[in-house]
């Protein structure tokens, strides 16, 4: 049993639905939202990105796969039915690729050829952001909190407008950042006075206390401190500094999407340790604040808008169940592990790290077919890598020798046989992945996953089989001297 000390309970446990990749169909959310509530969630953070049905002047921001107005209403009704608070999340500074990639909004980029960060000094920037906020808030009249993002603002004070403003007003890049956050947060508080803006903390982490105090953000926003590792790397004085300005904070852990940009399966042990570390840290630091409102349990689907998809939501449902239970009960025990394992019908048991599991696993829960398909995928992926990096392939079927016909069928034949078997297995896995994903995701999502991960591997092995078969069909033994003469 792993446990932590006792502290004032955090009332909120919000599950983050990241919709910027592999947004699930509403029919799937209908299946898992009751489970999320049962495992201890009190709410949802819905990061819409380009999946919200934006309209009017910003209609092109919406993806062609965006939820309809009716679907958003249905999602919100689901949440209300299970007493789950909804905190919308709309990026308003950094990570705005989903909007800034469009030429219409190129003029408000901080760096013209980087569609990542908004220029805080362009007169159209706040207008564009507040238009998004208004449209989202119109559909969320009951929300108490609104997350305005503002993490990882990589480019500050780079464009001519920003440099001029910094020079004219003697501002630092940090103060420029605070100014934009204040403008967005003030807009929300002015037009929606019952809503509290939430902001990621990372751009605050190395700010001087005097800058925090003069930022005007105290009492205006609540920081959400995010950290996804078990060993904390946060600045030692972060909590002291924040507590001088912000009476209330949130913390953000993760249940998926934080262990590798190309990860296919979820390492549950990693995320459980992250939650236990957070609980210990809050025991130590939480008294500095009026309240630590609760956990935001994030589940990232891409590292950013242009990144590949990482662990799919159905794969991470067991991790979410475990992390919610740990956050609620403040303990991780074998009984908890066994209870969730039985509930999700894992046989012989739920592996805490599927990458290290060598026993065939069966399970049954909403989306478990995707879990089973991804287990097959990581196993064949490992076999592919082992084959491609083998001395056998490099020694007897390298491109140099193949091009010159300097080969021995005794070595080529087993290589081609093994590559053919792996290719056949890749085709089987592709069928299984497609069949498991289609009920849960849009066709574009299924196609993207297969073409990102599976098809490149299949093409690589098709090439090996084709080259091997061709060279076996025209074997003409050459001496080493003949081979060398070709090069000269």
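Based on this model, can you work out whether residue 449 counts as surrounded by 12 or more Cβ atoms within 10 Å (Cβ to Cβ) and over 30 Å from residue 357 (Cβ atoms)? The answer is no for residue 449. Among the residues of region 381-419, those identified as under 33 Å from the mean Cα position of the chain (by Cα), surrounded by fewer than 17 Cβ atoms within 10 Å (Cβ to Cβ) and assigned to a helix (DSSP H, G or I) are 382, 383, 385, 386, 388.
Under the condition of being within 22 Å of residue 105 (Cβ to Cβ) and free of Cβ contacts under 8 Å to residues at least 12 places away in the same chain, the residues counted in region 16-63 number 1.
Collect the residues in region 39-62 that are in a strand (DSSP E or B) and over 17 Å from residue 138 (Cα atoms), keeping them in residue-number order. Listed by number, the residues that qualify are 43, 44.
Can residue 21 be described as buried (at least 20 other Cβ atoms within 10 Å of the Cβ), touching a helix residue (DSSP H, G or I) at 6+ places or on another chain (Cβ under 9 Å) and in a loop (DSSP other than H, G, I, E, B)? Give the derivation first.
On the way: buried (at least 20 other Cβ atoms within 10 Å of the Cβ): yes; touching a helix residue (DSSP H, G or I) at 6+ places or on another chain (Cβ under 9 Å): yes; in a loop (DSSP other than H, G, I, E, B): yes.
Yes.
Taking region 428-442 as the range and being surrounded by 14 or more Cβ atoms within 10 Å (Cβ to Cβ) and assigned to a helix (DSSP H, G or I) as the test, the residues that pass are 429, 430, 432, 433, 434, 436, 437. Within region 272-323, the set of residues being closer than 19 Å to residue 232 by Cα, in contact with a helix residue (DSSP H, G or I) (Cβ under 7 Å, 6 or more places away or on another chain) and surrounded by fewer than 19 Cβ atoms within 10 Å (Cβ to Cβ) comprises just one member, 288.
Condition check ((1) buried (at least 19 other Cβ atoms within 10 Å of the Cβ); (2) part of a strand (DSSP E or B)) across all residues:
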site: 64; (1), (2): no, no
site: 71; (1), (2): no, no
site: 83; (1), (2): no, no
site: 95; (1), (2): yes, no
site: 98; (1), (2): yes, no
site: 110; (1), (2): yes, yes
site: 142; (1), (2): no, no
site: 150; (1), (2): yes, no
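Applying the condition of being touching a strand residue (DSSP E or B) at 6+ places or on another chain (Cβ under 6 Å) and in a helix (DSSP H, G or I) to region 325-352 and asking which residue is surrounded by the most Cβ atoms within 10 Å (Cβ to Cβ) yields 326.
In the set (1) out of contact with any strand residue (DSSP E or B) (no Cβ under 6 Å at 6 or more places or on another chain); (2) at pLDDT 95 or above, residue 195 fails one condition alone, (1). Checking the stated criteria, residue 371 turns out not to satisfy the condition of being outside any helix (DSSP H, G or I), at pLDDT 95 or above and either in the same structural domain as residue 461 (by TED's automatic domain parsing) or surrounded by 18 or more Cβ atoms within 10 Å (Cβ to Cβ) (or both).
Residues that are within 18 Å of residue 294 (Cα to Cα) and buried (at least 20 other Cβ atoms within 10 Å of the Cβ) were ranked within region 215-237; the one that is nearest to the chain's Cα centre (by Cα) is 227. Of 116, 104, all but one fail to be in the same structural domain as residue 331 (by TED's automatic domain parsing), in a strand (DSSP E or B) and within 27 Å of residue 444 (Cα to Cα); the exception is 116.
Of everything listed in (1) in contact with a strand residue (DSSP E or B) (Cβ under 9 Å, 6 or more places away or on another chain); (2) at pLDDT 95 or above, the single unmet condition for residue 21 is (2). In the set (1) closer than 26 Å to residue 45 by Cα; (2) in contact (Cβ under 8 Å) with a residue 24 or more places away in the chain; (3) assigned to a helix (DSSP H, G or I), the condition left unmet by residue 176 is number (1). Every condition in (1) farther than 19 Å from residue 106 by Cβ; (2) at pLDDT 95 or above; (3) assigned to a loop (DSSP other than H, G, I, E, B) is met by residue 134 except one, and the failing one is (3).
The values are calculated or read from the model by the stated rules, or taken from the named source; none is laboratory data. If you're wondering where the values come from, they're calculated on a predicted model, not measured in any experiment. Note that each Cβ is placed from the backbone with ideal geometry, even for glycine, and that neighbours are counted across all protein chains shown.
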